[in-house]
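K.L.:
Just passing along the structure, written as C-alpha cells.
The values are calculated or read from the model by the stated rules, or taken from the named source; none is laboratory data. Everything numeric in this text was worked out from a predicted model, so none of it was measured. Cβ sites come from the backbone with ideal geometry, for glycine too, and all protein chains shown count toward neighbours. For accessibility, only protein heavy atoms count, side chains too; no ligands or nucleic acids. Shrake-Rupley method; radii C 1.70, N 1.55, O 1.52, S 1.80 Å.
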Amino acid sequence: LVYSALIAKLFRNYEILRSSARLQRKSLKAIEYARVIAFVSLINLMILGVWRLVEKPGWRRKLIENSDNQSMGYCYRGDTGNSCLGLLIIVHAALLLCGNVLVYLTRTLPEEICEAKWIGACFFQSMLLLAFALPLLYIFQEHPVLSYFIISMGVLLSDIGVLVFIIGPKMVRILRIG
C-alpha cells in the first residue's frame, strides 16, 4: 500500500505536468488515486490468494543428529510458495521501478506542489532494504525466528523511512515559517 500511495501521488503530479505542457487545466478527482491504489492492492491480493489456495502452510519435525530423542520443528513452504514469493518480489521491484520513472519525470516541478525528491528518497531507501533483506532471508530461510525478525525490521524501516522523508520536510517547512 505504501508504494501505491506514493505512485498515486506522483501520477497526480505527472498529470499536472503533462496538462500544463499542453496549456490545459486538469483537475484530478480522488477516484483516480483510488484506482491506482486499488489496482496495486488487487494484484497483491490475487498473488497472496493464489498462494494461500494452492499451498497450505505446513509444519515438520525432524530428529536432531547425535541426540537422544530430541527433535526440532519448523515451518516449511514448497515450490509453489517460492514461486509466489518470487512473483511478489518481481511486482514490488516493478513498482519501485515505476515509481523511480515517475520521480524522474516530475523532477522539474517545484517542491511546494511536488515532493518528487523526497518520494525518490523513499523509493531509494526501499530498494536498499530489498537489496539487503532478500539475501539475508535466503541465507536464514531455515531459521523462522531470524526470518521473521528480518521481515519485521524491513517493514518497520521502510515505513519509518517513508514517514521521515514525507512528513519530515513538511515539519521543517512549518517550523521555519513559524
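K.L.:
I'd like the accessible area for SER152, computed on protein heavy atoms only with a 1.4 Å probe and all protein chains in place. Round to 10 Å², please.
P.N.:
Per-residue accessible area (SER152): approximately 40 Å².
K.L.:
Give me the percent of accessible area attributable to carbon and sulfur for the chain, probe 1.4 angstrom. Could the numbers behind the result be given before it?
P.N.:
On the way: 8580 of 12520 Å².
C and S atoms contribute 69 percent here.
K.L.:
Next question. Just to check, using Stokes-Einstein with a Kirkwood Rh over alpha carbon pairs, what's the diffusion coefficient of segment 1-101 at 25 °C and 0.890 mPa s in µm²/s?
P.N.:
On the way: Rh = 17.1 Å.
So the translational diffusion coefficient is about 144 µm²/s.
K.L.:
A follow-up question, please. When the Karplus curve 6.51 cos²θ - 1.76 cosθ + 1.60 is applied with θ = phi - 60°, which whole-Hz ³J(HN,Hα) does each residue of segment 153-162 get, with x for Gly and Pro?
P.N.:
Once θ is set to phi - 60°, the couplings for segment 153-162 become 5, x, 5, 4, 5, 5, 5, 5, x, 5 Hz.
K.L.:
Loop only per DSSP, at most 16 neighbouring Cβ atoms within 10 Å: give me the GluC sites (Glu not before Pro) in segment 87-131, ordered by residue number.
P.N.:
GLU111, GLU112
K.L.:
What are the equivalent ellipsoid semi-axes of the chain, built from the alpha-carbon gyration tensor (square roots of five times its eigenvalues), in whole angstrom, biggest first?
P.N.:
Working: eigenvalues 342, 77, 29 Å².
The answer is 41, 20, 12 Å, longest axis first.
K.L.:
Let me ask another. Could you compute how much accessible surface MET72 exposes when probed at 1.4 Å, giving the result in Å² to the nearest 10?
P.N.:
It works out to around 90 Å².
K.L.:
In nm², what is the average projected area of the convex hull enclosing the Cα atoms of segment 102-144?
P.N.:
3.8
K.L.:
Please compute P(r) over all alpha-carbon pairs of segment 106-178, binned at 5 Å starting from zero, and give each bin as a whole-number percent.
P.N.:
3, 15, 19, 18, 14, 11, 8, 6, 4, 2, 0
K.L.:
Additional query: Would you mind computing, in nm to one decimal, how far apart the modelled labels at LEU87 and LEU134 are, each placed 7 Å from Cα along Cα→Cβ?
P.N.:
1.7
K.L.:
Sticking with this one: With every protein chain present, what is the per residue accessible area of the chain (1.4 Å probe, Å²)?
P.N.:
The answer is 70 Å² per residue.
K.L.:
Also, quick follow-up: How do ASP159, ASP68 stack up against each other in accessible area, from largest to smallest, with a 1.4 angstrom probe?
P.N.:
ASP68, ASP159
K.L.:
So how exposed is PHE124, as accessible area in Å² (1.4 Å probe, rounded to 10)?
P.N.:
Per-residue accessible area (PHE124): approximately 120 Å².
K.L.:
Loop-only check: which chymotrypsin sites (Phe, Trp or Tyr not before Pro) in segment 1-102 are DSSP coil with at most 13 other Cβ within 10 angstrom?
P.N.:
Numbers: sites: TYR3, PHE11, TYR14, TYR33, PHE39, TRP51, TRP59, TYR74, TYR76; in loops: none.
In loop regions of segment 1-102 (DSSP not H, G, I, E or B), there are no sparsely surrounded chymotrypsin sites (Phe, Trp or Tyr not before Pro).
K.L.:
Using packing as a proxy for protection, rank 133-141, 100-108 so that the peptide with the highest average count of other Cβ atoms within 10 Å comes first.
P.N.:
Taking the mean over residues of other Cβ atoms within 10 Å, the ranking is 100-108, 133-141.
K.L.:
Explain nothing, just the number: relative contact order of segment 1-153, from Cα pairs under 8 Å at least 6 residues apart, as a whole percent.
P.N.:
Result for segment 1-153 is 24 percent.
K.L.:
Can you return the aspartates and glutamates within cross-link range of LYS170? Criterion is Cα-Cα under 19 Å, with same-chain partners fewer than 8 residues away left out.
P.N.:
Cross-link targets: GLU111, GLU112, GLU115, ASP159.
K.L.:
Another question, if that's okay. To one decimal place, what orientation-averaged projected area in nm² is obtained for the convex hull of the Cα set of segment 59-157?
P.N.:
Reported value for the Cα convex hull: 8.0 nm².
K.L.:
Now for a separate question. Starting from the 7 Å offset along Cα-to-Cβ, what nm value, one decimal, do you get for the label separation of LYS26 and GLU142?
P.N.:
Simple spin-label model gives 5.4 nm for this pair.
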